[in-house]
1. Tell me, what does the Kirkwood hydrodynamic radius of region 13-118 come to in angstroms if you use every pair of distinct C-alpha atoms?
2. Compute the separation of the alpha-carbon centres of region 375-432 and region 296-357 and state it in Å as a whole number.
3. Per 0.36 nm of contour for each residue apart, how much would the distance between Gln249 and Asn480 grow if the chain were fully extended, relative to their Cα-Cα spacing?
4. Please find the FRET efficiency linking Glu224 to Phe436, where r is the Cβ-Cβ separation and R0 is fixed at 41 Å, and quote it to the nearest 0.05.
5. For Cys553, Cys315, which order do you get if you count the other beta carbons within 10 Å of each Cβ and list the fewest first?
6. Under the rule of at least 5 residues apart or a separate chain, name every residue whose amide H is placed under 5 Å from the amide H of Gln484.
7. When you count, for each residue, the other Cβ atoms within 10 Å and take the mean per peptide, how do 224-232, 191-199 rank with the highest first?
8. Quick one: 3J(HN,Hα) in Hz for region 584-598, Karplus 6.51/-1.76/1.60 with θ = phi - 60°, rounded, Gly and Pro as x.
Amino acid sequence: MALIVGSIFAPTVIAQDSQQLRVVEVVWGFDGRVVTGQFMPLSILVDNLSDQPIEATARLRRVTGALNEVGGISTQPVFVSPNSRRWVQFYPYILGNMATWYFDLKTEEKTYTFDPMDQPRAIFDRNRDSKEAQLSLPAVILDQQGVATKSPTSIKHMPAEIFPPYATAMNGLHALFLDHAPDWEAPRQQALLSWLKSGGQLHLMKDGNNQTLSFSGILAPLNEPFPEFPVGNGLVTRHDFQRDGLSLQVVTPVVTPPGLTQDVAEPEQSFNQIGTGGNTAQEEATVNDDEILMWMRELTQPDHAWILIFLLSMCYVGLIFPGCWILSKQRRLHFLVTYGAIAGLAVFFSLIFLFVGQRGYGETTSLHTLAVARAEDATHWSSLEYRTLFVTSGDLYTLDDKDRQTLLASGAADERADAVMTSGNSASFVARVPPFSSQSMIFRRRLTMDDWSLTIANVEQNGSELTALTLSFNDKFPLNKDNQYFVVHGKRIHTLKADDSRKQLTYAGNASLLTTFCSPVREFDDGFAGILTPGRTRGPDYPDEANDPVAECFQRSLLKLVARSAADDFYADLKRFELPEGRVRILIYAPVPATQDMTVSSDVKREGRILYVRDFPMQIGDSNAVPGEVE
């Protein structure tokens, strides 16, 4: 075991051999750009020029500033056949600041290093040296495997062989154009369907023989004969032309960000500008991972006896001076007595500070979680999770997850993390954590849960305002006295009330603009005062959390999680958010169920909250089911 641990964390041995291995191509994201606050595919084409197979561990490291390696190391096993090429795909989490990424292949004999890769600009990132801004959302046309065509030029191209096999890696894609039925294995087909059901836009064109596309198996729901039809929350559009007919007139409306037009001079607030534009920017940005993780780390701050430590410090300083100085003036004493007194005081007070200042105030190894789970359908959810592991004993800790398409990253944006991460269906996060410290992590997983049979039973509007809403559910629905329920309609958010006896969620009013709801201010209307502002007097339905820092953190984080849920709709600025007409969004804030736990290599105390997000068309009896779905 010691040898394994040593090999994981040993320094890299550089032994580059450009004649044997080389990187042919690097593809960031789907269209060469990245989306901040998402796990993005990074595809690297490796060419083995030798007649020997290469079996290695592929590693990816993030470096910022003056060669400051941060965030740990992502790894995966790789095998490259002799005289052949192989795509290696990682899924790094994209933070707001720029970075350089280092990729290498480590075998038993040597480490093959390659040129560093600069992280490209993110969407909505303004070029400060010009008046231009990237106002287009990520959209690509899929090229058939082995076909090197770049027609048409109106849109970016993506090779079919690097389409991600995980639904959890699809959040950075807005629209996909297809002119053929991809010859994919089941995981990639499922990833495409999951992305579509979660809100993607799929555009189907005629194939090379000018025939309508036909799909089978998992993708059979795409065979509806209508010009436009929904699949879950996504939309499929058929076009009566081949790929050469895909013009800018067709592409431009598809890639224009929601809430903007091509005539808008100012783009949305950049993800990268969070914290640079004053409090307003911080309150309106949909992605602010650092603040959420900071709040979670504060949950495990030790409760030191600071007054006693201060008094002991003053006593120590006083004994050194003037105490030892007075002692040195005593002519009858040997001068070594003074030095002995200084050394003795240092040892004595070191032992006292060790005893008084030790972390022994009831802390326990704990795992705190905050999550946003977006519904794919009635039983599948894409969950973005912030986790903080606090330990009282320094050791090597492992978090494992199986069969959930787990992508993971360190939450240390600007700090070095002694961690090794492996994403996929057999995912693991291995980190060496010092005693009485914490390790922050970010995960995205595809969760399978019970069907709540959540269905709209009644909905009413007065003009553009929602006035009544009733949803029914079954016994599997999460009910708890501390749960909170909301509905988003347009730009406004309303409260819902759960009735366990009638198995219904009913409209309770208390409307507020979503931007107001998510702003951390001190004054709200009476209907929201007890819900939104941590530490203030609660109403009768909400407990007083002033003396419970964990409950206060979870309550305060609700605002950030609601704002964070808008990022998956490609909104960087919450002011521009507006749910499409004819749709409502149900929000449920509840404790993380035990069925969603990850395996941890140590006994931990687990606490967490999850915000469930599910969209419904405003149709009575609609449960968002997808006819013909095949799992």
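Taken together, the values in this text are just the output of simple stated rules run on the coordinates, not laboratory data. Just so we're clear, the structure is a prediction, and the values are computed from it rather than from any experiment. When we count neighbours, we look across all protein chains shown, and the Cβ atoms used for this are built from the backbone with ideal geometry, even at glycine.
1. After inverting the mean inverse Cα-Cα distance, the result is 14.3 Å.
2. 43 Å
3. Working it through step by step, the gained length comes to 78.1 nm.
4. For Glu224 and Phe436, the calculated efficiency is 0.10.
5. The order, fewest Cβ neighbours first, is Cys315, Cys553.
6. Tyr589
7. 191-199, 224-232
8. Whole-Hz 3J(HN,Hα) from phi for region 584-598: 10, 10, 8, 10, 10, 10, 8, x, 6, x, 5, 5, 9, 5, 9.
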